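Only one structure is covered here, and it is reproduced in the block below.
Readers should treat all values here as calculations from the given coordinates under stated rules, not as data from a laboratory. Everything numeric here is computed off the predicted structure, so don't read it as measured data. As a convention, Cβ positions derive from the backbone with ideal geometry for all residues, glycine included, and neighbour counts pool all protein chains shown.
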């Protein structure tokens, strides 16, 4: 998702099938990112791209990877906003709904098969960007960028199923009204970039 000339990519995943399908990594590690021992490895940047929402302990994963970051290294995190309509729907619908969405709305014929998205989602508190920013700052990181936006998944939903999307928008408006804007925001995803102190 972040192509850089001359970069050497290392990926880690619990799924051997997902690792086997990876076509860009130089180093492929099968393991649990919560407590994987990176030993002698160090990195200039760590990228969690749609990862933390799937983990039961996202802060532990960030903390573990942060230890392998070089001073001045970047932590790049992208994921869904837990309190958005997309986040709420993702958290509270059964996994088969996610598979159906990927298969019939996004057109992914392998959706839900081993090594293919979607993956079970936890969306626990530690994956929320407010808490992530606070935890990173507490660990000496400086927030370089934070932004929210409407994801391509939501845009595809609007394009392919306009009537269902209209219902989605109505639900969002009701949720925003009932919760005084705390839940149901239109933006569905966030990007967060933090730099480790030197």
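If one computes the Cα centroid of segment 4-47 and of segment 120-172, what distance in Å separates the two points? Using only Cα atoms to place each centre, the spacing works out to 24 Å.
Would you please classify the overall shape of segment 1-53 from the alpha carbon gyration tensor, given that a ≥ b ≥ c denote the square roots of the eigenvalues, rounded means a/c under 1.5, and beyond that prolate means a/b larger than b/c while oblate covers the rest?
Because its axes are fairly even, with a/c under 1.5, segment 1-53 counts as rounded.
Cβ-to-Cβ counts within 10 Å put 109, 86 in ascending order as 109, 86, the fewest first. For segment 37-86, place one equal point scatterer on every Cα, skip the solvent, and apply the Debye formula. What is log10 of I(q)/I(0) at q = 0.17, 0.23, 0.29 Å⁻¹? Cα-only, vacuum Debye calculation for segment 37-86: -0.55, -0.88, -1.16.
In terms of other Cβ atoms within 10 Å, 179, 10, 90 run from fewest to most in the order 179, 10, 90. Here the calculated FRET efficiency for residue 169 and residue 130, from their Cβ-Cβ distance with R0 = 30 Å, stands at 0.80, rounded to the nearest 0.05. Across segment 15-164, the relative contact order, built from alpha-carbon pairs under 8 Å that are at least six residues apart, equals 25 percent. Residues 96, 49, arranged from fewest to most other Cβ atoms within 10 angstrom of their Cβ, appear as 96, 49. Remark: the residue 155-residue 197 segment gains 11.4 nm on full extension, using 0.36 nm per residue and subtracting the alpha carbon distance.
When a/c reaches 1.5 or more, the comparison of a/b and b/c decides; with that in mind, is the chain rounded, prolate or oblate per its Cα gyration tensor? Oblate, since a/c reaches 1.5 and b/c is not below a/b.
Extension gain for residue 145-residue 21 works out to 41.6 nm (0.36 nm per residue, less the C-alpha to C-alpha distance). When the helices of the chain are scored as -39500 (n - 2.57) per DSSP H run of n ≥ 4 and the total is divided over every residue, the value at 222 nm lands at -9500 deg cm²/dmol.
Hey, what angle do you get for helix 129-138 against the long axis of the chain, alpha-carbon based, 0 to 90 degrees rounded to 10? It is inclined by approximately 20 degrees. DSSP bridge analysis restricted to the chain gives an antiparallel fraction near 60%, rounded to the nearest 5.
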